[in-house]
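The values are calculated or read from the model by the stated rules, or taken from the named source; none is laboratory data. It should be emphasised that the depicted structure is a prediction, and the values quoted were computed from it without experimental measurement. We place every Cβ from the backbone using ideal geometry, glycine too, and count neighbours over all the protein chains shown. We work out accessible area using only protein heavy atoms, side chains counted, and drop any ligands, DNA or RNA first. Shrake-Rupley method; radii C 1.70, N 1.55, O 1.52, S 1.80 Å.
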Amino acid sequence: MKKVKMISLLLIIALLTSILYGCGQKQQANQQQQNKPKYPERSINVIVGFPAGGPTDLIARGIMPIVQEKLGVGIGVTNMPGAASATAASQVLSQPKDGYTLFFGSEIMSTWQTMGTIDLSPTRDFIPVKIVAQAIPVLAVPPNSKFDKVEDFIKFAKENPGKLRISTAGPATVPHISGLLLEKELGCKFTFVPYEGGRPAITAAMGGQVDATIEMVQSMVEAHKSKQIKILASFTNEPIEGLDIPAIGKIFPELSKYLPYGPYFGLFAAKDTPQEIIDVLKKAMDESIKDQRWLDYCKKLYLIPVDYSGQEAIKFLDNWTAKSAYILFDAGVAKNNPEQFGIKRPN
């Protein structure tokens, strides 16, 4: 009998010990959760590698105020132009990987290695939180230009190699590559004048400092409507909905296999940023790209809204990088062979 009582007592003690231990563990876990820093607790800085007013800047300033509302903290957009946005990217990578300094990037990231700008990759050195939009490049001339049709512009370029000067946002940008495609497929020759960003390139064309520019339609559509610049054609196979602008792929079918060829834009975090921070940012971006204000903004600027994150974003970026790298390399513009960075030629 005493033995039974002793066993019962031991069982009760063991049970109580287990309960107390479990409570202690739960209390400790709750304490750790309370002590764990919440993200975000303060303002976030998003760095754009181009001047204010250019396509990357316009898109960042269209989406980030909505993200700011979703996160409940301030988000500042800082312009840091230079070295095809590599200066801004390097600044982001030099900061703590805590999600408070982010990079709003564009397609130029995909050319850094091949062009010898900097040995950084959009998927090796960054985490693509969300690719939110793609844009459409167009060819435009000053308002008093003698060219009213893209056919006449190309004909003159063929007959006068190198005489026409085209401003671009810089070497290896989509505008530059678009011009290279014209040279390669149509047999013409231009002189490319690089600027640090799309806005200065457009301003140069509006003022007649160059004969033409290739830039994103959203950056020139208002100037086109007010006759401050003339858009001759879009780098598409079909006309842009809502705009009376010829599609260059319709006029020159030899270009159609490359079109549409437009840049991407999105939010990036430095590699090694904790996954829980990426998850918070992604959730806010998921909500923001569905917001009617963003959809209206895209429509107003003739942007194509997209939604790539995670492995889907990595696949998209790797494919885009391969295409641009080999266009530049085959044109003799690239400094480096893409193969040395493990970039495979697209099929």
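What to note about this one:
- With respect to the conditions (1) modelled with pLDDT of 95 or more; (2) surrounded by fewer than 19 Cβ atoms within 10 Å (Cβ to Cβ), Asn237 falls short on a single one, namely (1).
- Applying the condition of being in contact (Cβ under 8 Å) with a residue 60 or more places away in the chain and out of contact with any strand residue (DSSP E or B) (no Cβ under 8 Å at 6 or more places or on another chain) to segment 149-181 and asking which residue is surrounded by the fewest Cβ atoms within 10 Å (Cβ to Cβ) yields Glu151.
- Applying the set (1) surrounded by 23 or more Cβ atoms within 10 Å (Cβ to Cβ); (2) touching a residue at least 40 places away in the same chain (Cβ under 8 Å) to Gly207 leaves exactly one unmet item: (1).
Listed here are the residues, each with its yes/no results for (1) closer than 30 Å to Ile66 by Cα; (2) of a type in the set (Asp, Glu).
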{"site": "Ile245", "(1), (2)": "no, no"}
{"site": "Ser256", "(1), (2)": "no, no"}
{"site": "Leu259", "(1), (2)": "no, no"}
{"site": "Pro263", "(1), (2)": "yes, no"}
{"site": "Lys271", "(1), (2)": "yes, no"}
{"site": "Glu276", "(1), (2)": "yes, yes"}
{"site": "Asp279", "(1), (2)": "yes, yes"}
{"site": "Lys283", "(1), (2)": "yes, no"}
{"site": "Asp286", "(1), (2)": "yes, yes"}
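- Residue in segment 91-111 that is out of contact with any Ser or Thr (no Cβ under 6 Å at 6 or more places or on another chain), closer than 14 Å to Val48 by Cβ and open to solvent by 40 Å² or more (accessible area, probe 1.4 Å) present: yes
- Selection from segment 68-83 of residues that are farther than 20 Å from Lys282 by Cα and open to solvent by 30 Å² or more (accessible area, probe 1.4 Å): Thr78, Asn79, Met80, Pro81, Ala83
- Segment 300-310, residues that are open to solvent by less than 70 Å² (accessible area, probe 1.4 Å), at negative phi and either touching a Gly at 6+ places or on another chain (Cβ under 8 Å) or at pLDDT below 95 (or both): Leu301, Leu303, Pro305, Val306, Tyr308
- Of the residues screened, Gly76 is not one that is among the small types (Gly, Ala, Ser), more than 17 Å from Lys271 (Cα to Cα) and touching an Asp or Glu at 6+ places or on another chain (Cβ under 9 Å).
- From the list Ala284, Ala270, Ala313, the one residue that fits, being modelled with pLDDT of 95 or more, out of contact with any Leu (no Cβ under 9 Å at 6 or more places or on another chain) and farther than 30 Å from Leu232 by Cβ, is Ala313.
- Every condition in (1) touching a Ser or Thr at 6+ places or on another chain (Cβ under 7 Å); (2) of a type outside the set (Lys, Arg); (3) within 30 Å of Gly207 (Cα to Cα) holds for Ile304 except the one numbered (1).
- Count - residues of segment 158-186 that are not in a helix (DSSP H, G or I) and not charged (D, E, K, R): 12
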